[in-house]
Amino acid sequence: MHKTHTTTRSDLLQTFASVESRFAAAKQNIAQKENNFISSLDELKKRLKAASKKALSTDFNSENPLNQCLTAYVAALNESVLEWGKGVKGYARGTEFRAKCGDSLLVFVYGKVKSGKSSLGNYIAWGQSDPTSQLVRAMPQPHPKFDVHAQSGVAGGDEKNEAATNHIFKVGALETTSSIQSFSLPGLTWVDSPGIHSMHDDINGTLARDYVKSADLVVFAMQSQSPGRASDIEVIRDLVDDGKHLLVLLTGSDLTAEDEDENGELIKMLVMKQPKDRQSQIEYVEKELEIIKHSNRIVSKVLPISVKFAEENGDDLVKFSDSGLSAFFDMLSEIARGNGVKMKLEAPMVNLRVFGKQLQSSQDVLCSRLNNLAAMIKSEKSQLQQAEMFAIADVKRAIGAEILFAIEKFRGNSKKISNYLNMRFEKIAMQRVQEELTAIFSRIDGAVNKFMDASAVRDLPGFEDKYKEFAISNVGKGRALGGGAGGVAGAAAAVAIYNWWNPVGWVAAVGALAAGAVAATGITAVGSDIGGSMAGVEKYQERIGDNLEDVEKAAHAIYSAASEKMVAQAFTGHLYPMFQVLEIFVADSQVALDAFKHTVQQEIMQ
C-alpha cells in the first residue's frame, strides 16, 4: 500500500517519547558472566606469569640460542595476553557507555569523513543542520541533552566538551568531529562519531570503531557521490559480523540546478537527484550488500536522503517527503515501536559473545601454534641423538683421512703433524656441528616466527602486530656454533702437542681442546674435568715407540674420543636440557590456555 503520511521530525521524537518506558524496562543483567570472564583472564595471566618465571629461572647463559628462543616466546605469549586485557578494558568502556543510555534506544551514526553524520544529528536534535545559538535558545522544551564521552584530541577537531557546551555537533569543511558525542531525548540516544578511513584513522577511526560496538542500532552514512565502495561494504560486513542491526543511508542525494526566477534572472537552487538516478544507486548498493552473510540485519532498504533539501523545504510536506528524511524517520519510528526493545535487550549479550568469539578465535590460533611448537620441540629432541651420531661419524671419517695425510706429508716431524691435525680437527668438528645446529636453530626460528605472527588476532580490540620477525641473535649463535673455534684454538695452542710418544699428554690436550670448545658455547654448566676423565683411559698408558702404525692407531683413538666428547657436549649435553625447559613451558602454557578457553565457552558462547 502506498504511504500517504509524511513522518516529520516532530512525529519521530513523539514516537520515541511514547516508548521510553519500554526501553527503560528492557535491561539484561550479564554482570555475573562478565565478572567470571574477567576473573578467568586474571587467572590466566597469573598462571602464564608463573610458567614464565619458572622457565626463565633456569641457569642457562643469556646468549644461549635456545634461551633466546624461550625469552622471545615468553614475551610473545605475554604480549598476547596483555592485548586481551586491553580488549577487556575496551569492552568495559562500552558497557559503561551503554549503562548511561539505559532508558533509550542507542542509535550510533557511523561512516566516513564528510558523509553528513553531524549535520543529520543536528537536524534531528534541532531541525537545522547547523543551528545558531539563538535558534537553540528559542527552541521549545524539552531540549536535547548533549554529552561528550571520549575525545581523541586531534588538531582541528572539536574542542574539549564543545558539543556539551554549545548543545550542537560541530560541522564544517574539515575533519571536524574528533569525539564520541551524543544527545538524548526521551527514548532516544543519538551518538555522533568521528569519520573512519580518514587521515587520522589511527586515532579518530579507532575511537569510532571502539564505541560503535555499544550500539543498539547503527545508522551507516554513505556518500551519495560515491556509493557502494568496497571499503564501505567491508565496514558494513564487519558490523554485521559483530551482530549489529543497521540502516544504510545515501547522504547528500541532491545536486545544484540552474533556473530562472520570475524576473528572468538566472538562479541556482538545490534539488534532489532524479528518482531514476536515486533508484539506480539504491539497486547498485543493495546488490553489493547481498554478498554479506546475515544481511537481514540490515533492517531496511538503502535510503537516499538530503538533510539540506529537507531543511530548505521543511514547510512543504511533498518536498520534505522527497528529501528521504520522511522515509528514514518512518523506519526509525517503526523500529522504536517494534523491534527496538528486542534490539536493546539482545545487544549486551551479543556484544559479549562477539568479544568472546574474537578472543576464542585468537586463542585457537595461539593454541594451534603452541601445539606446532610443542611438536617441533619433541621432534627435534628425538632427533638430537641421531644427529649427534651422524655428526660424530662424519667428524671421525674426515679426521681419519687427515691423519693419514698428515703422517705421510710430515713424516718424522711430530710438531707439524700435531699442529696440522689440531687445526684440521678444530675446523672439521666445528663445521660439522655448526651445520647441524644451524639447521636446528633455523627450524626453531621458523616455529617461533609462526607463533609470533599476529595476523590472525589483529581484529581483537587493541591488538597491534608488534612481532614481525624473530631471529636468534647472531652473537649467541656465533658463540654456540662457530665462535667455539676461538676456544678450541686457545686450548690447542696452550697444550701444544709436540711429543707423539706421550699418550697421556695427548689425552690431556684433546680433553682441554674439547673443554675449550664447549666452554666457548656460552653454556655455564660445563664439566671442567673432561680432560682429566679422558686421561684415565688405561690403554694409552704405555709408550708406543716410533712405529708409524702405532702413531696412526693412537691418533685415531685420541681424535675419535675427542670427536665423541665435543659433539656430545654440543648436542645432548646442552641442547637436550634446554629443549626440556621449552617443552615444560609450552605444556604449562597449554594447560592455562585450555582452562581459560573452557571458561569462555561456558560463560559466553553458550
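The values are calculated or read from the model by the stated rules, or taken from the named source; none is laboratory data. These figures come from a predicted structure and were not determined experimentally. Reconstructed Cβ throughout: ideal geometry from the backbone, glycine too, with neighbour counts over all protein chains shown. Quick note on the areas: whole protein, heavy atoms, side chains included, nothing else; ligands and nucleic acids left out. Shrake-Rupley method; radii C 1.70, N 1.55, O 1.52, S 1.80 Å.
Computed packing ranks the peptides 307-319, 139-151 as 307-319, 139-151, most packed first, by mean other Cβ atoms within 10 Å.
For the pair ARG443 and GLU234, the difference between a 0.36 nm per residue extended length and the Cα-Cα distance amounts to 71.5 nm.
Amide hydrogen proximity for GLY116: with H placed 1.01 Å from N in the peptide plane, no residue at 5 or more positions away or on another chain lies under 5 Å.
One chain, two ends: ILE267 and GLU286. Fully extended at 0.36 nm per residue, the span grows by 3.3 nm beyond their Cα-Cα distance.
Derived scalar couplings between HN and Hα for the stretch 8-24 equal 9, 4, 4, 4, 4, 5, 5, 4, 5, 5, 6, 10, 4, 5, 5, 5, 4 Hz in order, rounded to whole Hz, by the Karplus curve 6.51 cos²θ - 1.76 cosθ + 1.60 (θ = phi - 60°), x for Gly and Pro.
Taking amide H positions as modeled 1.01 Å from N, with prolines and chain starts lacking one, the residues under 5 Å from VAL219 and 5 or more places away or on another chain are PHE108, VAL109, TYR110, LEU247. The mean accessible area for residues of the stretch 51-170, using a 1.4 Å probe and ignoring ligands and nucleic acids, is 42 Å² per residue. Between MET349, ASN372, ALA336, the Cα set farthest toward the positive side of the dipole of the stretch 321-372 (charges on each charged residue's Cβ, about the Cα centre) is that of ASN372. Within straight-line reach of LYS46, meaning a Cα separation under 17 Å, sit the following lysines at least 8 residues removed in sequence or on another chain: LYS54, LYS86, LYS597. Scoring 424-435, 336-347, 211-222 by mean Cβ neighbours within 10 Å over their residues and listing the highest first yields 211-222, 424-435, 336-347. Measuring against 30 Å, Cα to Cα, the residue pairs LYS53/LYS381; LYS45/LYS112; LYS170/LYS293; LYS33/LYS170 contain LYS45/LYS112; LYS170/LYS293; LYS33/LYS170 as the ones spanning a longer distance.
Label separation (ALA17 vs THR132): 2.6 nm, computed from points 7 Å beyond Cα along the C-beta direction. Near ALA99: Cβ cut-off under 15 Å, other residues only, Lys/Arg at +1 and Asp/Glu at -1. The net charge is +1. In sequence order, the stretch 434-443 has phi-based couplings of 4, 4, 5, 5, 4, 4, 5, 5, 5, 5 Hz under the Karplus curve 6.51 cos²θ - 1.76 cosθ + 1.60, θ = phi - 60°, and Gly or Pro positions carry x.
For the stretch 72-179, a crude dipole built from +1 on the beta carbon of Lys and Arg and -1 on the beta carbon of Asp and Glu, taken about the Cα centre, is about 140 debye to the nearest 20.
Fully extending the segment from GLN225 to GLN383 would add 50.5 nm, taking 0.36 nm per residue of separation and subtracting the current Cα-Cα distance. Dividing the mean sequence gap of close Cα pairs (under 8 Å, 6+ apart) by how many residues the stretch 107-217 holds gives a relative contact order of 33 percent.
Scanning residues 5 or more positions from LEU105 or on other chains, those with amide H under 5 Å from its amide H are LEU188, THR189, with H placed 1.01 Å from N in the peptide plane. Each peptide in 258-270, 231-243, 370-382 was scored by the mean count of other Cβ atoms within 10 Å over its residues; highest first, the order is 231-243, 370-382, 258-270. For the stretch 186-202, backbone phi angles converted through the Karplus equation (6.51, -1.76, 1.60; θ = phi - 60°) give residue-by-residue couplings of x, x, 9, 10, 9, 10, 9, 9, x, x, 8, 6, 9, 5, 10, 4, 5 Hz, Gly and Pro being listed as x. A convex hull fitted to the Cα coordinates of the stretch 9-371 yields 171 cubic angstrom per residue.
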